Amino acid sequence: MLLFPPLKENCQGTVNKGKKRGLRGTQGLPGKAGPSGPKGEKGSVGERGPTGLSGGQELNHLKIQVRELQAQLKALQATVSKAQKVLLFPNGMTVGEKIFKTEGSEGDFETSKATCSQADGLLASPRNSAENSAIQQIAARHKKMPFLGINDIQTEGTFKHLNGEALGYSNWASNEPNNSEGIEDCVEVHSSGKWNDRSCAEKRLIICEY
Ligand SMILES: [Ca+2]
Ligand SMILES: [Ca+2]
């Protein structure tokens, strides 16, 4: 015989199965910070520093530093110049602060101009024989002739740079410019480095200057 009746759930009220747990109290807030302590004692005197340089010594010291910096700058310039040559070969060359470079593509005069200005440059326009020689060498590596940023479109027979500057340097082949058939307003560079006026509609190697 059972002493207690069997437990039933969800039937005529809830049956308490386990021990009843008390509610946990919430933690109190931290107290206020205490007052600041008394000021510490003054530290002991540090060791004496090295004797300073006199005016003359200081000047000599600065002169030595400047000389060292100059030597470092020279070495840096040589490294940059070497790196430029390596990076620009075979598509480009530097002459002074100017860089001439081609992507190897060709275009007529208008396309060549637009291609260079899109790259924030200008169609190569030599101002002296060193610059002309650089253009000649780049063209030779690509076995093609380039157009220069020089033309007589505005006034027949008066060749100018793209910015309107008059020609200070030129390297015309003999009997050029001849405006053959009355249609030659642009300038191509032969493998010899000599210039010939030619129709702007021809397609030539695009060499830009920066
Ligand atoms: Ca012409
Ligand atoms: Ca010609």
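No lab work stands behind these numbers, since they all come straight from the coordinates. Since we're looking at a predicted model, the values are computed, not measured. Cβ: placed from backbone, ideal geometry, glycine included. Neighbour counts: every protein chain shown.
How about segment 101-127: which of its residues are part of a helix (DSSP H, G or I), farther than 20 Å from L87 by Cα and in contact (Cβ under 8 Å) with a residue 12 or more places away in the chain? Talk me through it step by step, then tell me what you get.
As a first pass, look at segment 101-127 and keep what is part of a helix (DSSP H, G or I): 109-118.
Of the ones still in play, those that are also farther than 20 Å from L87 by Cα are 109-115, 117-118.
Listed by number, the residues that qualify are F109, E110, T111, S112, K113, T115.
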Study note, to complete from the structure: Checked pairs for segment 149-172, first within 12 Å of D197 (Cα to Cα), second of a type in the set (D, E, K, R), C-beta under 6 Å and 6 or more apart or across chains, list as N151/D185; D152/D185; I153/D185; T158/D152; F159/D152; N171/K194
Point to revise | Lone unmet requirement of (1) within 10 Å of ligand 2 (Cβ to nearest atom); (2) exposed (fewer than 13 other Cβ atoms within 10 Å of the Cβ) for W195 | key: (2)
Check your understanding: within 16 Å of ligand 2 (Cβ to nearest atom), surrounded by 21 or more Cβ atoms within 10 Å (Cβ to Cβ) and not acidic (D, E) - does that describe any residue in segment 126-147?
Key -> yes
Check your understanding: In segment 128-185, how many residues are within 36 Å of the chain's Cα centre (by Cα) and assigned to a helix (DSSP H, G or I)?
Key -> 13
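Residues checked against (1) more than 15 Å from ligand 2 (Cβ to nearest atom); (2) more than 13 Å from E209 (Cα to Cα):
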site	(1), (2)
L88	yes, no
G121	yes, no
F159	no, yes
L167	yes, yes
W172	no, yes
